[in-house]
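Step one of this worksheet: look at the structure below.
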Amino acid sequence: MNAFGALFLLEVLIAFSFIVSGIFMFIPKSNPGSQKIFFGLAAALAIYVTVIDATALPATYVAQIVIAWLGLIPAGVGVIIAAAKGKPTTAAKLLVMASTVYGALGYFFLA
């Protein structure tokens, strides 16, 4: 497998994880523990995607790097809201998913 095959596999894995965490985070369940697990997975995915976006850019693209790191702000606010309430609220879930979508779009539009 060459480097492009590995990157494609990574992209597919991230997209699959994004879809699965998004679906299971918003499906109402009787078990609040699963909501917290998928919320944490989505928050970790948002951080992971943002780190990939920001570190993949050349050092001379300072504005794009700052824009990529700004994608963590909604995820951070969502995690703070979830921690303050003791469980992931709908607003917190939407903020984390917005951050993940922002990071995924950064793959295509920041470089």
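Quick test of your reading of the structure: T60 fulfils all but one of (1) part of a loop (DSSP other than H, G, I, E, B); (2) surrounded by 17 or more Cβ atoms within 10 Å (Cβ to Cβ); (3) of a type in the set (V, I, T). Name the failing condition by number.
Against the list (1) part of a loop (DSSP other than H, G, I, E, B); (2) surrounded by 17 or more Cβ atoms within 10 Å (Cβ to Cβ); (3) of a type in the set (V, I, T), T60 comes up short only on (2).
Regarding F8, is this residue open to solvent by 70 Å² or more (accessible area, probe 1.4 Å) and either modelled with pLDDT of 80 or more or in a helix (DSSP H, G or I) (or both)? Spell out how you get there, then give the answer.
Working: open to solvent by 70 Å² or more (accessible area, probe 1.4 Å): yes; either modelled with pLDDT of 80 or more or in a helix (DSSP H, G or I) (or both): yes.
Yes, satisfied.
On the given criteria, is V51 without any contact (Cβ under 8 Å) to a residue 40 or more places away in the chain, more than 14 Å from M97 (Cα to Cα) and hydrophobic (A, V, I, L, M, F, W, C)?
yes
Among the residues of region 90-105, write down those that are among the small types (G, A, S) and over 14 Å from S21 (Cβ atoms).
Residue satisfying the conditions is A91 alone.
Can you give me the number of residues within region 80-102 that are closer than 20 Å to I37 by Cβ, buried (at least 21 other Cβ atoms within 10 Å of the Cβ) and not basic (K, R)?
Final tally of qualifying residues: 8.
Name the single residue that is surrounded by the most Cβ atoms within 10 Å (Cβ to Cβ) among those in region 11-53 being among the charged types (D, E, K, R) and more than 26 Å from I67 (Cα to Cα).
K36
Mind telling me which of the residues G40, G22 ends up being in contact (Cβ under 8 Å) with a residue 60 or more places away in the chain, part of a helix (DSSP H, G or I) and either under 16 Å from G106 (Cα atoms) or not hydroxyl-bearing (S, T, Y) (or both)?
G22
I need every pair where a residue in region 64-88 that is more than 17 Å from A98 (Cα to Cα) has its Cβ under 9 Å from the Cβ of a residue that is of a type in the set (D, E), sequence separation at least 6 or different chains.
Short answer, once both residue conditions are applied: Q64/D53; I65/D53.
The values are calculated or read from the model by the stated rules, or taken from the named source; none is laboratory data. For clarity, every value in this text was computed on a predicted model and none was experimentally measured. Ideal geometry is used to build each Cβ from the backbone, glycine not excepted, and the neighbour counts take in all protein chains shown. Heavy atoms of the whole protein, side chains included, go into the accessibility calculation; ligands, DNA and RNA do not. Shrake-Rupley method; radii C 1.70, N 1.55, O 1.52, S 1.80 Å.
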